[in-house]
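The values are calculated or read from the model by the stated rules, or taken from the named source; none is laboratory data. Here the structure is a predicted model, which means the values were calculated and not measured. Cβ sites come from the backbone with ideal geometry, for glycine too, and all protein chains shown count toward neighbours. These area figures cover heavy atoms from the full protein model, side chains too; ligands, DNA and RNA do not enter into them. Shrake-Rupley method; radii C 1.70, N 1.55, O 1.52, S 1.80 Å.
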Amino acid sequence: MISYIGKRMIAVIPIVLFATLVTFALIHISPVDPAEAYLTAAHIYPTPEILEQKRHEFGLDQPLLTQYMQTLQRISRLDFGTSYLTNKPVWDEVKVRLPATAELALSSMLLSIVVSIPLGVLAAIRKNGWIDMLSRGVSYVGASIPQFWLGYLLIFFFSVRLDLLPVEGRGTWQHLVLPTLTLSFVLIALYTRLLRSSVLEQLQETYVQYARTRGIRERIIMLKHVLKIAIAPLITGMGMNLGKLLTGTIIVEQVFSWPGFGRYFVEAIFNRDIPVIQCYVFLAACLFIVCNLLVDLVHLYMDPRISAKGRAER
């Protein structure tokens with residue numbers, strides 16, 4: 001296990017370097033001059049003299065290779081520079097906003113797991129029954145409804161008409177309810193159908209028929225054998241979606257004015273805040289890599305045959 005983790009961590013290095021290289025290249029290919037963007041955000045008229053001074057201050061007059069190596073050195077220290085908009089260190093502002101995004105992501109993921117696993121299993125066991133029909137309806141609606149529209153719909157009913165929950169902001173558990181429902185509804189629709197299909201496929205396998213002929217109770221067959229294998233695609237989907245949620249659910253954070261990482265990124269785009277954009281891309285790449293690594297470790301724990309297969313191939 002330790003050897004596997006070590007190899008995966010080594011494989012992460014070129015991916016992170018590639019992400020930083022792409023970000024660096026896009027910033028320099030872009031027609032937006034970082035010095036001009038800084039002066040615009042600071043409400044300073046960009047005269048040629050001031051532009052030249054800021055380009056020298058930012059190191060933009062140096063060769064590209066030198067600039068890229070300096071960028072890597074700063075990133076290794078988690079130094080992403082200063083925000084053009086607030087004149088505060090980018091990493092300090094990110095540390096303030098990441099907990100809000102993590103809170104929303106984990107609550108949405110937890111709710112989707114609690115609802116989708118029993119609903120997906122029951123839909124497979126009671127195929128074509130009313131629970132199955134209900135799960136299909138939830139899946140169809142969740143897959144087709146836009147998240148921003150669902151968010152505004154929840155605001156209209158629960159905040160405007162019923163006055164039960166706050167519209168925006170973060171602070172109490174009431175503020176978390178509507179954004180969590182908005183995010184988890186789509187995940188519930190996806191996970192329910194995914195788990196239903198996987199369980200139905202496993203119920204047709206030979207080992208299930210053998211277990212039934214031996215007189216093993218259906219509940220034990222489902223929980224100890226079928227679900228352990230059928231849940232593997234769900235774990236993969238959860239890992240990918242967790243990375244997406246942790247990088248900031250941009251639309252939902254905008255709708256509910258949630259002070260998270262995604263909203264911070266949107267504000268940076270509109271204000272051409274290049275240090276913030278560079279920080280976001282780097283952290284997004286790292287979060288996706290970590291989530292994929294966690295998914296692989298969970299699969300390895302649940303199915304040791306993966307490790308045995310890897311040793312056999314070597």
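Within 25 Å of the chain's Cα centre (by Cα), over 24 Å from Glu253 (Cβ atoms) and open to solvent by 60 Å² or more (accessible area, probe 1.4 Å): does that describe Met69? Considered against the rule, which asks whether it is within 25 Å of the chain's Cα centre (by Cα), over 24 Å from Glu253 (Cβ atoms) and open to solvent by 60 Å² or more (accessible area, probe 1.4 Å), Met69 comes out as no. Here is the figure for region 84-135: residues that are of a type in the set (Asp, Glu) and open to solvent by less than 30 Å² (accessible area, probe 1.4 Å) total 2. Does at least one position in region 288-295 carry a residue that is of a type in the set (Val, Ile, Thr) and either more than 30 Å from Gly6 (Cβ to Cβ) or touching a His at 6+ places or on another chain (Cβ under 7 Å) (or both)? Checking region 288-295: not a single residue is of a type in the set (Val, Ile, Thr) and either more than 30 Å from Gly6 (Cβ to Cβ) or touching a His at 6+ places or on another chain (Cβ under 7 Å) (or both). On the stretch given as region 17-60, residues that are farther than 19 Å from Ser83 by Cβ and open to solvent by 70 Å² or more (accessible area, probe 1.4 Å) total 12.
Taking each residue of region 123-152 that is free of Cβ contacts under 8 Å to residues at least 60 places away in the same chain and closer than 15 Å to Leu195 by Cα and looking for partners that are open to solvent by 60 Å² or more (accessible area, probe 1.4 Å) and not in a helix (DSSP H, G or I) with beta-carbon atoms closer than 8 Å, six or more apart or interchain, yields nothing.
Which members of region 6-16 meet the condition of being touching a helix residue (DSSP H, G or I) at 6+ places or on another chain (Cβ under 7 Å) and open to solvent by less than 60 Å² (accessible area, probe 1.4 Å)? Selection gives Val12, Val16. Checking every residue in region 200-211 against the condition of being aliphatic (A, V, I, L, M), modelled with pLDDT of 80 or more and more than 34 Å from the chain's Cα centre (by Cα) gives at least one match. Applying a threshold of 6 Å to beta carbon distances and a minimum spacing of six or more residues, or different chains, the list of pairs starting in region 272-298 at a residue that is farther than 19 Å from Pro89 by Cβ and ending at one that is at pLDDT 80 or above and of a type in the set (Phe, Trp, Tyr) is empty. For region 190-199, check the following and say yes or no: at least one residue is more than 28 Å from Ala42 (Cβ to Cβ) and touching a His at 6+ places or on another chain (Cβ under 8 Å). No, region 190-199 has no match at all. If only residues of region 72-83 that are out of contact with any Cys (no Cβ under 7 Å at 6 or more places or on another chain) and touching a residue at least 40 places away in the same chain (Cβ under 8 Å) are counted, the one that is least open to solvent (accessible area, probe 1.4 Å) is Ser83.
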